[in-house]
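Nothing in this text is a laboratory measurement; each read-out follows from the coordinates by a stated rule. Values in this document were obtained by computation on a predicted structure and should not be read as measured data. With ideal geometry, Cβ positions are generated from the backbone for all residues, glycine too; neighbour counts draw on all protein chains shown.
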Amino acid sequence: MAERDHSDRITPLAPATHPGQGVLQVERRDFTDLVPEDRPRAQPMRGFDPIYTDIVDYIVRCTHRIWDERDIGLIYSHYTHNAAVYYNLGAVHDREAIVRDTIQRLVSFPERRGQATQVVWRGNDVDGFYTSHLVTGVGRHTQFGHLGAPTGRTFTSRTIADCMILSNRIYREWIVSDSMAQLRQLGLDPHPIAEKMAKDLHSKGQGALDFGENRRLVGQYPPEAEADISLAHSDSEAECLRWMHEAYNKRMLGVISRVYAPTVLYHGPNMRELYGSAAVLQATLKLIGTLPDCAFVPQHICSVPCEEGGEKIAVRWNLEGHHLGWGLLGEPTGHRVFLMGVSQFHVIDGKIVEEWTVYDELAMLAQIKLGAMGTVPS
C-alpha cells in the first residue's frame, strides 16, 4: 500500500514482519504440495490433529477431506458443537445444521471441486487462528436439488470463507459466495430464485429491516475525515483501511488511480475479469451507485508475505444502504440492502497489482424482493 501526504504524493510503506515464516503458501503450489505426507510441522499447532503441519495445511486439507473426499463426518471433529456460520442472509448456530447443508449442496453438485486459490491468515495456536480462504469452485449441475431440475451445464465461481479456529475446531465462520455467477452460467433466471429466498425469509418472520439512515453520516455532518484503523496490525493494513474509507465512505474515488497499479488484474463478482485501474474504478462506482447512501464498515483485516513478492491483504467488510440508484440491479426500488463481502489484495511496492473481491448479488436481489413484501404482521 502507500501513504498519501497532503500534496498527494505516494510513499510506499515497508511490509510488516510476520510470525508464520515457513508456513505453506498456496500460490505456485500444486495441491499435492499443500497436503504433504511426511512434512514436519512448520509452526506450533497445539491441539490440532497430527496430520496438519501448519494453519494453511489445515484449512486446505480439511476442506478437501470434507468436500472432495466426502468425509462429511469430519465436521464433528473440525467444528465446535455451537459453531456459528454467517451468510449474507442469515446464520446457522449448530454443527448439525452445517452437516445437513453440506450434504444438500453435494447432492446438487456431486462433481463440484473447490480449488484452493489462496489463504491469508493471522494468529497462533494459543490465541487462535484466523484464515481467509479463497476457493475457486468448478462443477456441473447434474442433480435435482435446491436449484430445481438439473441443467447439465458447467460453472466456475468463487467463494471466500473466513474462519476462526482454535485446537482443530472452527468456532466461527463467514461464507461469501458468488451465487449469481453460478446461476448465470447455469442459464437460470435469478429473479424467481431470489423471490423464493425472500418468501422463505418472510415466512419465518423476517421482514424488511429499514430503520432509517445508516451511520456514514451523523445528521448533517460530512463523513468521518479519518478512517478507524484500530483493526490494523501493520502500516500496510492501516493504509488499506484508509484508502477504502476514502473511496467508499468519503466517495473520493480518485484514490483508486493512486493505490492501484495501472496494469492491475481485478477478479470480481459474477466472475468479472477486469484489467487496469480505470476498470476497477468503474466496478467500484457501480456498487456504490447501486446503494448511493451506503456505509462501508471493515470487520477484519490480516496479511501475509507473498512468495511472488510483496504481501497479500484480506479485508472482510460490510456495506449497507438503500437501492436508490442504477448500477448492478436495475431500476431503483428504495429498499434497504445489507452486503457482506471479502476483498483480497496483492500489494507490491505500495501498489495493488491484483484483487479478488467476492460478494453475492443474488443476496442483494433477494433483499430487494423481501423489501417489496413489506414488514411481517405482528
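For this structure, a couple of remarks:
- Taking label positions 7 Å along the Cα-Cβ direction at both A225 and A372, the computed distance is 4.5 nm, reported to one decimal.
- An oblate overall shape is assigned to the chain, the ratio a/c of its alpha-carbon gyration tensor axes (a ≥ b ≥ c) being 1.5 or greater and a/b not exceeding b/c.
- Segment 235-373 - percent relative contact order, Cα under 8 Å, separation 6 or more: 22 percent
- Ordering of 284-294, 216-226 by burial proxy (mean other Cβ atoms within 10 Å per residue, highest first): 284-294, 216-226
- Potential lengthening of the chain between I348 and L253 amounts to 32.1 nm, from the contour at 0.36 nm per residue minus the alpha-carbon distance.
- Two-site FRET efficiency, E308 against E331, from Cβ-Cβ distance with R₀ of 51 Å, rounded to 0.05: 0.75
- Summing charges over neighbours of Y87, with a neighbour being any other residue whose Cβ is under 11 Å away from its Cβ, gives -3 when K and R count +1 and D and E count -1.
- Zone of T154's modelled label, taken as backbone nitrogen in segment 118-144 under 13 Å from a point 7 Å along Cα→Cβ: 138-141
- A crude spin-label estimate for the pair H81 and L285, with each label 7 Å from Cα along the Cβ direction, gives 5.5 nm.
- Put simply, when 360-373, 178-191 are sorted by average Cβ atoms within 10 angstrom per residue, most first, you get 360-373, 178-191.
- Extension gain, T32-R272: 0.36 nm per intervening residue step, less the Cα-Cα distance, totals 83.5 nm.
- Residue pairs, from the table K196/K312; K199/K250; K196/K250; K199/K312; K196/K286; K250/K351, whose Cα atoms sit over 30 Å apart: K196/K312; K199/K250; K196/K250; K199/K312
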